[in-house]
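Working notes, structure below.
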Amino acid sequence: MFTLEMFNGLDQSERVATLRNLGISYVDVHGEPRQAIVVAANDSKSIKAALDSIPNLATTPNAGTAGYKLLAESPEVVPVLFAPVRSREIAGEQKLGTFADNNMVVNMKENTGTTVLYGDYEPGGTTSVNTNRETRDFIRFQSWAEIAVLEEEQYAKQGGSLFNLRAEKDISVAYVIDRQFNAINFKGVSGLNIRGLSNDSDLLPAIAATAQWSTLAPEQINSEVVKIVNQLISQSNGLLTGNEKAVLALPPAVLNSLKVTNSYGWSAFEMINKNFPNLRMVAVPEYGVLGSGNTTLIQYIVEEIEGVKTVEYLYTEKFRVFPTEQYSSYSRKKVAASSGGALIKRPFAIVNYYGA
């Protein structure tokens with residue numbers, strides 16, 4: 001039986017020899033003998049101090065638990081959001097031609113004629129029709145969806161249960177193509193005969209706001225909309241009255257100003273809806289800076305006149321997917337589209353209003 005009293009009166013080498021005789025020895029991880037300090041029952045040092053007194057470690061000091069083992073991961077993937085695309089909420093689209101077409105033609109007609117006083121033998125008075133053509137350009141654009149073998153495997157290892165990388169890249173392609181269409185619909189393309197809804201050169205001169213709508217009372221904002229409709233009636237020579245189905249496209253912040261109420265509990269939004277029941281409103285983020293001098297832009301757009309749409313967005317291809325190209329360790333596929341921008345058929349049916 002081993003007791004500490006066995007070490008009393010022995011020096012250090014004798015104590016180690018005693019332990020070895022009892023079958024006790026200190027070796028490192030490679031089986032080599034190690035030095036040890038053995039205490040007796042009457043030594044002042046504690047047993048713990050003796051057991052911790054091995055001078056050097058044969059292994060790397062413990063740095064604690066690996067950090068990644070202590071991470072909790074949310075099962076939800078939160079997508080980054082961008083400003084919404086709203087051009088198609090204002091007007092519709094029309095497909096023309098094929099992807100091979102560079103240009104398009106719009107045909108117009110004007111009925112003409114004259115009258116004279118009636119007479120049994122009077123030959124005067126005639127009628128005719130004048131035709132004309134308006135041309136527009138198309139622009140093609142594209143993007144690639146590429147994925148590599150190692151990239152896909154690494155994503156699958158670290159987050160494969162959260163989302164599918166290949167599917168997400170396909171979504172990204174659709175996303176950027178759609179946003180490009182939206183940009184062309186609003187602004188057109190410089191250097192080509194591709195017009196934008198906000199800046200078509202055929203639009204009539206804009207009118208200016210009396211003041212920023214955020215500073216106006218609900219009654220004053222309603223009066224500004226009446227001012228816009230008066231301009232519409234004037235530039236259409238009375239053809240339009242303000243009772244037609246129409247869209248009021250305006251910045252989100254300006255739309256929010258319509259909700260402020262007066263002392264009677266009426267908001268500008270309610271007044272406008274009461275006076276113009278066929279008018280709908282669309283919040284357009286781009287219109288916060290598209291006005292003259294980067295001011296706000298508001299557009300009053302009559303949707304159609306006598307069955308003809310006031311404005312339509314033209315395209316030949318919305319989303320043309322080409323065959324997937326397979327390489328040794330990656331694959332890719334091209335997606336292309338073609339846009340003709342905004343075709344405004346009757347510019348007098350649109351009023352531009354700056355500075356709200």
Problem set entry | Distance between segment 230-300 and segment 319-350 - C-alpha centres, whole angstrom | 33
Problem set entry | Label-to-label distance, nm, for residues given as ARG133 and ALA156 (7 Å Cα→Cβ offset) | 5.5
Problem set entry | Computed lengthening from ARG320 to GLU306, 0.36 nm per intervening residue step minus Cα-Cα distance | 1.6 nm
Seminar exercise, completed: Expected vector for segment 321-331, Karplus 3J(HN,Hα) from phi with 6.51, -1.76, 1.60 and θ = phi - 60°, integer Hz, x for Gly and Pro, equals 9, 8, x, 5, 9, 9, 10, 4, 10, 7, 9
Problem set entry | Cα shape, segment 206-294, gyration tensor, a/c 1.5 rule | oblate
Exercise. Stretched out fully, how many nm does the piece from VAL289 to VAL176 gain, at 0.36 nm a residue minus the Cα gap?
Worked result: 38.5 nm
Seminar exercise, completed: Once ASN278 and LEU81 are pulled to full extension, the length gained, defined as 0.36 nm per residue separation minus their Cα-Cα distance, is 67.7 nm
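Values in this text are rule-based calculations from the coordinates and carry no lab data. As the structure is a computational prediction, the values presented were derived from the model and not from experiment. Ideal geometry is used to build each Cβ from the backbone, glycine not excepted, and the neighbour counts take in all protein chains shown.
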